[in-house]
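**Q** I'd like to ask you about the structure that follows.
The values are calculated or read from the model by the stated rules, or taken from the named source; none is laboratory data. Source: prediction; values computed, not measured. As a convention, Cβ positions derive from the backbone with ideal geometry for all residues, glycine included, and neighbour counts pool all protein chains shown.
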Amino acid sequence: MQQEQGVVTAVFTMEHYDSAFALWRGCDGIGLTDADSREGIERFLRRNPGMSRVALDNGRLVGTVLAGDDGRRGYLHHLAVHPDHRRRGLGQRLLAEAVVALRAATNKKCHGFVFRKNLEGLDFWRSAGWKVREDIALISLDIPPKPE
């Protein structure tokens, strides 16, 4: 755990899920899907132990970042800070801690996901030294469950 300005950061565990989900739901620019269900996040945390982080202010969850890798690249999802705690460096702190965890897992590159319409989020990432890639496109496919 790291402490600064009364806010501590810690590893994201399933004990934080309900508060994290409420934070994500209340933040503009965060897209939620079935992958963000309790079961989905539990699977993600189990596959990527110790990489994701939360920020707690007197025990109240005020920030999150989900971090994981595929063995080649790191990926960040749901970097979110409660509006009352923004512009104090907390997002930068969560981001830095996630990158440290990804580096420890020998990742040399990391990608984050931000909706193009989330201008505040894009400004945050740019200010942190990240670049918006214009040379690639994200493509997706919904994979239905296997019929029983």
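**Q** Within region 94-109, which residues are outside any helix (DSSP H, G or I) and either touching a residue at least 60 places away in the same chain (Cβ under 8 Å) or surrounded by fewer than 18 Cβ atoms within 10 Å (Cβ to Cβ) (or both)? Spell out how you get there, then give the answer.
**A** Keep residues of region 94-109 that are outside any helix (DSSP H, G or I), which gives 105-109.
Passing the criteria: ALA105, THR106, LYS108, LYS109.
**Q** Considering each of ARG86, ARG60 in turn, give the residue that is among the basic types (Lys, Arg) and either at pLDDT below 95 or more than 25 Å from TYR17 (Cβ to Cβ) (or both). Give the steps one after another, and end with the answer.
**A** Numbers: ARG60 fails: either at pLDDT below 95 or more than 25 Å from TYR17 (Cβ to Cβ) (or both).
Just one listed residue meets the conditions, ARG86.
**Q** Let me ask another. Are any residues in region 81-124 out of contact with any Leu (no Cβ under 7 Å at 6 or more places or on another chain) and of a type in the set (Val, Ile, Thr), and if so, which ones?
**A** Correct list: VAL99, VAL100, THR106.
**Q** Residues to consider are GLY68, GLY50; find the one that is surrounded by 12 or more Cβ atoms within 10 Å (Cβ to Cβ), in contact with a strand residue (DSSP E or B) (Cβ under 6 Å, 6 or more places away or on another chain) and assigned to a loop (DSSP other than H, G, I, E, B). Don't jump to the end; show me each part of the working.
**A** Numbers: GLY68 fails: assigned to a loop (DSSP other than H, G, I, E, B).
On inspection, the qualifying residue turns out to be GLY50.
**Q** Criterion first (modelled with pLDDT of 95 or more and of a type in the set (Val, Ile, Thr)) does VAL65 satisfy it?
**A** Considered against the rule, which asks whether it is modelled with pLDDT of 95 or more and of a type in the set (Val, Ile, Thr), VAL65 comes out as yes.
**Q** Please identify the pairs in which a residue from region 21-49 that is within 20 Å of ASP70 (Cα to Cα) has its Cβ atom under 7 Å from the Cβ atom of a residue that is among the aliphatic types (A, V, I, L, M), counting only partners at least 6 apart or on another chain.
**A** Listed by first residue and then by second, the contacts come to GLU42/MET14; PHE44/LEU66; LEU45/MET14; ASN48/ALA67.
**Q** Looking at ALA80, is it part of a helix (DSSP H, G or I), in contact (Cβ under 8 Å) with a residue 40 or more places away in the chain and in contact with a strand residue (DSSP E or B) (Cβ under 9 Å, 6 or more places away or on another chain)? If you could, list the steps in order and put the result at the bottom.
**A** Numbers: part of a helix (DSSP H, G or I): no; in contact (Cβ under 8 Å) with a residue 40 or more places away in the chain: yes; in contact with a strand residue (DSSP E or B) (Cβ under 9 Å, 6 or more places away or on another chain): yes.
Spelling it out, it is not the case that ALA80 is part of a helix (DSSP H, G or I), in contact (Cβ under 8 Å) with a residue 40 or more places away in the chain and in contact with a strand residue (DSSP E or B) (Cβ under 9 Å, 6 or more places away or on another chain).
**Q** Report, by residue number, each residue of region 20-47 that is surrounded by 16 or more Cβ atoms within 10 Å (Cβ to Cβ) and at pLDDT 95 or above.
**A** If the condition is that a residue be surrounded by 16 or more Cβ atoms within 10 Å (Cβ to Cβ) and at pLDDT 95 or above, then ALA20, PHE21, LEU23, TRP24, ASP36, ILE41, PHE44, LEU45 are the ones that fit.
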